[in-house]
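Notes to accompany the following structure.
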């Protein structure tokens with residue numbers, strides 16, 4: 001399994017780097033939007049939608065929300081409102097995970113798709129379009145999430161004893177969380193130096209983003225468990241579906257972008 005995951009990652013890495021570092025923002029927005037809509041197709045399973053036409057309608061609903069959001073991409077009041085809605089949703093998701101992870105309804109999952117998928121797309125495109133440093137900012141955010149994920153994986157495998165959320169994702173441990181946060185902080189320190197950001201504020205933001213990435217991962221696991229699924233899809237060998245790869249990013253990207261808005265970088 002690990003070998004297959006590595007091979008898939010190596011195949012996708014050049015495309016990801018091209019989109020982040022060299023593609024024009026409109027092309028990047030289109031590619032990211034396509035990935036998000038594939039994620040919406042997978043998310044429709046969480047909503048209890050079985051018929052093809054019903055799943056298509058859900059994807060079209062998300063697509064319409066993306067188009068509407070793109071239309072107002074230059075209005076920072078709208079951008080901030082969408083990103084804050086994501087912050088509120090992920091705060092609610094954290095409470096859901098802590099207090100009632102075994103409870104879930106298809107209708108709630110359907111509603112959750114909007115504050116998960118739409119802000120993810122908006123956040124990634126807003127970061128990409130920042131003049132001069134947008135590509136680097138987006139890459140840093142992705143590296144931050146990947147570092148937290150990899151750090152948690154290896155720390156959990158090596159030292160893991162205390163279960164983090166056994167009713168949602170039995171394999172995750174508190175030792176993994178510590179390892180992931182440690183890796184994320186190292187990336188944050190490097191990022192603060194590279195961009196010459198205020199050290200304390202930026203490292204604090206990145207730590208919060210790393211925590212959010214863990215919440216995103218656990219939340220998708222919770223929805224999959226409610227729907228009786230092991231993976232959200234089979235598109236990516238060794239990884240599952242698109243949602244299985246962007247679950248952490250879906251929580252991390254809006255929080256990071258909102259922090260950049262508050263710091264005056266995204267405007």
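The values are calculated or read from the model by the stated rules, or taken from the named source; none is laboratory data. Note that the structure is predicted; figures quoted are calculated from it, not measured. All Cβ positions, even for glycine, are placed from backbone atoms using ideal geometry, and neighbour counts span all protein chains on display.
Having 1 or more residues that are closer than 30 Å to residue 166 by Cα is the bar; report the helices (runs of 4 or more DSSP H) wholly within the range 20-135 that clear it.
Values: elements: 25-43, 52-71, 76-99, 106-128.
So the answer is 25-43, 76-99, 106-128.
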Checked the range 21-34 for anything in contact (Cβ under 8 Å) with a residue 60 or more places away in the chain and crowded, with 18+ Cβ neighbours inside 10 Å; matches are 28, 29, 32, 33
Among (1) free of Cβ contacts under 8 Å to residues at least 12 places away in the same chain; (2) over 20 Å from the mean Cα position of the chain (by Cα), there is one condition residue 4 misses while meeting the rest; what is its number? (1)
Pairing a residue in the range 238-267 that is at positive phi with any residue that is part of a helix (DSSP H, G or I), where Cβ atoms lie under 6 Å and the two sit 6 or more apart in sequence or on different chains, gives 238/4; 238/5; 238/8
Would you confirm whether any residue within the range 188-202 is closer than 28 Å to residue 84 by Cβ, in contact with a strand residue (DSSP E or B) (Cβ under 6 Å, 6 or more places away or on another chain) and at pLDDT below 95? no
For the range 154-184, what are the residues that are in contact (Cβ under 8 Å) with a residue 24 or more places away in the chain and assigned to a helix (DSSP H, G or I)? 154, 155, 176, 177, 179, 180, 181, 182, 183, 184
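Look at residue 184 and say whether it is at pLDDT 95 or above and within 19 Å of the chain's Cα centre (by Cα). Explain how you work it out, then say what you get.
On the way: at pLDDT 95 or above: yes; within 19 Å of the chain's Cα centre (by Cα): yes.
Yes.
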